[in-house]
There are 2 protein chains.
Amino acid sequence: MTAPRHAPGAFPAEAPSLEAIRGPIAEPFERFQEELDRAFLCDVGLVGAVGAHLHRAYGKRYRPMLVLLAARGFGEATDEAVHGAVVVELIHTATLIHDDSVDKSLLRRGLPTVNSAFNNDTAILMGDYLYSKAFSILVTRKMYEAMDLLAEATHRMSQGELRQIEQKNRLDLGEAEYMRIIEEKTACLMSAGCELGAHAGGADPARRAALGRFGRAVGLAFQITDDLFDYLGAEQVIGKAMGNDLDGGKITLPLINALRNAPASERRDMEDLIRTRDFRNGHWSDVVRFVTVHGGVAYSQERSALLAARAEEELDHVPDAGIREALQSAVRYAVTRER
Amino acid sequence: MTAPRHAPGAFPAEAPSLEAIRGPIAEPFERFQEELDRAFLCDVGLVGAVGAHLHRAYGKRYRPMLVLLAARGFGEATDEAVHGAVVVELIHTATLIHDDSVDKSLLRRGLPTVNSAFNNDTAILMGDYLYSKAFSILVTRKMYEAMDLLAEATHRMSQGELRQIEQKNRLDLGEAEYMRIIEEKTACLMSAGCELGAHAGGADPARRAALGRFGRAVGLAFQITDDLFDYLGAEQVIGKAMGNDLDGGKITLPLINALRNAPASERRDMEDLIRTRDFRNGHWSDVVRFVTVHGGVAYSQERSALLAARAEEELDHVPDAGIREALQSAVRYAVTRER
């Protein structure tokens, strides 16, 4: 077996392609794309301009894919599932735009963020446009079940974002607090999306709940993998600078774990290097070495693999074998993707 | 009759006090305050800290007052009305916080804005927290009627905000475009709030619609009055610098009208003064004089008085005489307040 690049053990190193995973939902995915485009139809020209930019820079469409697969796993990818996928993507995109603005990020997946391609004002207001569009779709279509799930998820996301800036630069952040933040800011929307998809596809309450747990575990694994990019990724590949998260004061699992494992004197030196941001002056490789040598990378990879395995277990509840496989690939994608 | 200070003709110069207007809804207003405070209960410390600040700096509570009066005009200020008032205030506050952040305003009503007292990141995320809290309350309480009204209003507000930054610095902005922006960014939430209040109080559809039209007219009059402050207010009174709106590129009714009336050469000179921002160098009084001499102030006052009168006409639909009077005072407040 070849050595895995980002994720450990059980999975092949190569991430499955999103196109392949989407195979069984090609038709509803096309409907989703059309409906998503419609959300940007607005007589304010700026909305279309930002929409065109988003289409290029923000478009992995991983979450809507989960929604549609969850629906197809139990029945049809109904209109409710398609619109649910649109709403989940709109909420996610709104969050990304506001995040990039808060983090002053200039690049996302190698392309300029909304705040850098346009400006901060546009980023703030466009995020609000997308949030409110999402709820307006839910209301217009009387999707009350989805509204239940997504109002709660959206509110938890905003709490997670606030918690994150409250914990900024806190080098004593514990693993439990970290897990809570990523649960809120990433996992709860994926969980709500999968549950909503299962509901739209006709799943009974028990199976619906199982898909919610599936989405939660995938979301946690997805975010831990994302946080590993800060220490492992090559800039050309992930499309943003390494060390960006830490530079912005985000203390994530690889570092939390390494700080816990390192001998006191090394830990103190590293804390100084981080506090002073001295790592920006050619010392970033010291941080990467510290995090790697003290097991932070391996531990994070294990944690994400464990969560991925837990997600896969929930798939026993999905009757359609083809969809089960596609969802398994989606889990693999979450932990082996390169950006 | 003494000369009116901000508003013309029919109204007395003195604005009624909010406390007096709230007289008939003292009890539900207290319940509203309690419920509003509960919206800031959160284990993220930052939420409480910003909440305490908002309480001081953002708290006119004009919109929830309208919601509760609208309900009491037809029956009781029910729980639905109280929670509707909370949700309207949360949405309004979220918009203010994001607006202040977009406009880089440092003061609101004489106190630091969230972006200046905390920072821009907190302003963005706290706005999101309040938006999502609002929808979460509506969902939890199954207030589907209110959700219908407010999802649409919130989305139109975000469109208005985007339209406003798209039209920034456009000295050829027409009155119709201006009216459309203030309809979206201010009037539609007041309209939705009044309609929702009337609905919660048990009004039939025709009366409910009348209260919606009332709220719209009040909202337009309220915003025109607000825009006049930029040209008329004294800094100590309105709590922000004069000329702030224009400096931020907001072209509002007083200027639009004066530019239309002025002879071509004077107009061109004024356009240059504005384009170059030369008015910041001791020439602000020239702008005020231009806007006044060419009738922009008087015209805006007339427009807002006309809208106030139109709002009052809709009050014929309100059976309770005491509440009708309170709502009349609320209209007078909208056009005669000093900040």
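What the table shows:
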read-out: Any hit, the range A:246-260, residues being closer than 17 Å to A:Arg310 by Cα and touching a residue at least 40 places away in the same chain (Cβ under 8 Å); value: no
read-out: Qualifying residue in the range A:184-193 (condition: of a type outside the set (D, E, K, R), modelled with pLDDT of 95 or more and more than 15 Å from the chain's Cα centre (by Cα)); value: no
read-out: Any hit, the range B:221-232, residues being more than 30 Å from A:Phe40 (Cβ to Cβ), more than 19 Å from the chain's Cα centre (by Cα), in a helix (DSSP H, G or I) and not charged (D, E, K, R); value: no
read-out: Only one of A:Arg5, A:Arg56, A:Arg31 that is at pLDDT 95 or above, more than 15 Å from A:Ala200 (Cα to Cα) and away from chain B (no Cβ under 14 Å); value: A:Arg31
read-out: Any hit, the range A:144-166, residues being outside any helix (DSSP H, G or I) and more than 17 Å from B:Ala123 (Cβ to Cβ); value: no
read-out: Checklist (1) in contact with a Ser or Thr (Cβ under 9 Å, 6 or more places away or on another chain); (2) outside any helix (DSSP H, G or I) applied to B:Arg170, failing item; value: (1)
read-out: Residue selected from the range B:127-143 under the condition in contact (Cβ under 8 Å) with a residue 60 or more places away in the chain and facing chain A (nearest Cβ under 7 Å), by the criterion surrounded by the most Cβ atoms within 10 Å (Cβ to Cβ); value: B:Tyr129
read-out: Test: B:His92 is facing chain A (nearest Cβ under 7 Å), under 29 Å from B:Gly243 (Cα atoms) and modelled with pLDDT of 95 or more; value: no
read-out: Residue within the range A:103-121 that is facing chain B (nearest Cβ under 9 Å), free of Cβ contacts under 8 Å to residues at least 40 places away in the same chain, within 26 Å of B:Leu162 (Cβ to Cβ) and surrounded by 19 or more Cβ atoms within 10 Å (Cβ to Cβ) present; value: yes
read-out: Among residues of the range B:166-183, those that are more than 20 Å from B:Ile274 (Cα to Cα) and either more than 13 Å from chain A (Cβ to nearest Cβ) or of a type in the set (Asp, Glu) (or both), counted; value: 4
read-out: Any pair with Cβ under 7 angstrom, 6 or more apart, that starts in the range A:144-165 at a residue that is more than 7 Å from chain B (Cβ to nearest Cβ) and of a type in the set (D, E, K, R) and ends at one that is in a helix (DSSP H, G or I) and surrounded by 24 or more Cβ atoms within 10 Å (Cβ to Cβ); value: A:Glu145/A:His199; A:Arg156/A:Cys188
read-out: Options A:Ala192, A:Ala210; residue that is hydrophobic (A, V, I, L, M, F, W, C), in contact (Cβ under 8 Å) with a residue 40 or more places away in the chain, away from chain B (no Cβ under 14 Å) and part of a helix (DSSP H, G or I); value: A:Ala210
read-out: Selection from the range A:8-28 of residues that are modelled with pLDDT of 85 or more and more than 19 Å from the chain's Cα centre (by Cα); value: A:Ala20, A:Gly23, A:Pro24, A:Ile25, A:Ala26, A:Glu27, A:Pro28
read-out: Test: residue in the range A:271-285 that is in a helix (DSSP H, G or I) and under 30 Å from A:Glu152 (Cβ atoms); value: no
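Conditions (1) of a type outside the set (Lys, Arg); (2) in a helix (DSSP H, G or I); (3) surrounded by 19 or more Cβ atoms within 10 Å (Cβ to Cβ), marked per residue:
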position: B:His53; (1), (2), (3): yes, yes, no
position: B:Arg56; (1), (2), (3): no, yes, no
position: B:Leu66; (1), (2), (3): yes, yes, yes
position: B:Ala70; (1), (2), (3): yes, yes, yes
position: B:Glu76; (1), (2), (3): yes, no, no
position: B:Thr95; (1), (2), (3): yes, yes, yes
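Residue by residue, here is whether (1) under 12 Å from A:Ala258 (Cβ atoms); (2) at pLDDT below 95; (3) surrounded by 13 or more Cβ atoms within 10 Å (Cβ to Cβ); (4) aromatic (Phe, Trp, Tyr) holds:
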site: A:Ser285; (1), (2), (3), (4): no, yes, no, no
site: A:Val293; (1), (2), (3), (4): yes, no, yes, no
site: A:Gly296; (1), (2), (3), (4): yes, no, yes, no
site: A:Ser304; (1), (2), (3), (4): no, no, yes, no
site: A:Leu307; (1), (2), (3), (4): no, no, yes, no
site: A:Glu314; (1), (2), (3), (4): no, no, yes, no
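The values are calculated or read from the model by the stated rules, or taken from the named source; none is laboratory data. Since the model is a prediction, treat every value here as computed from it, not as a measurement. We place every Cβ from the backbone using ideal geometry, glycine too, and count neighbours over all the protein chains shown.
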